[in-house]
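Notes for the one structure printed next.
Just so it is clear, none of the values below were taken in a lab; they were calculated from the coordinates. Treat the numbers as computed from the prediction; the structure is a model and nothing was measured. Note that we place each Cβ from the backbone using ideal geometry, even for glycine, and neighbour counts take in every protein chain shown.
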Amino acid sequence: MSRLDQTLAMDRRRFVRAALVGGGLLVVGGGLLAPRLFAAANTPVGRPGKVLLEVFASDGRDLGPREVPRLVLTDAQWRQRLSPAAFTIMRRAGTERAFSGDHENPGTKGLFRCAACDTALYDAATEFDSGTGWPSFWQPIAERNVIRIRDSSFGMVRTAISCAGCDSHLGHVFDDGPRPTGLRYCMNSVALRFVPRTTA
């Protein structure tokens, strides 16, 4: 490899590193997405292994913690499993347009589950009308069922929320919510599946 080729290769590596570490933006399909490494379509994406989740029945009963396999799929399998919008948001850390979702309905009894792996995420009793255009909750149904990740994309420092069962991006949490927690878990509608509460 010539000295010029070595220099160009080094500059490419520096650019990619700066884009990833410095919160560079990726433009995909006309939308802005948080930076990430894109794997080949047939390469599993995620951390294989087991995860301890709090399991909930369809009537809302807490069945306790259980160790279950974390859902790890290839990008091609995720595309088959999710709608195009859900794939962009959940696997590429995108954000849906405000007021475009279906789940702003505080007061309806039921559970919100992960649209990708069915992990229980929020009880509808903790949903509130934040006026932001995204479903908002003041706490998750179980702390172990969500993962907090530092997100420094778009020139801001935020806390992103992912599903512990499959590592799918759900939304962000902010400290401007109501009592008793003062938190606002601002979620993307397409990342959630609402299940009305059944009788025991």
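For the listed peptides 141-153, 123-135, 165-177, a ranking on the average number of other beta carbons within 10 Å per residue, highest first, reads 165-177, 123-135, 141-153. Given the Cα-Cα distance of residue 144 and residue 156 and 0.36 nm per residue of separation, how much length would full extension add, in nm? Full extension of this stretch gives 1.8 nm more.
Computed from point charges on the beta carbon alone (+1 for Lys and Arg, -1 for Asp and Glu), the dipole magnitude for segment 40-196 about its Cα centre is near 480 Debye. Here 156, 90 are placed in order of increasing Cβ neighbour count within 10 Å, fewest first, which gives 156, 90. Summarising the label geometry, the points placed 7 Å from Cα in the beta-carbon direction at residue 55 and residue 97 lie 4.1 nm from one another.
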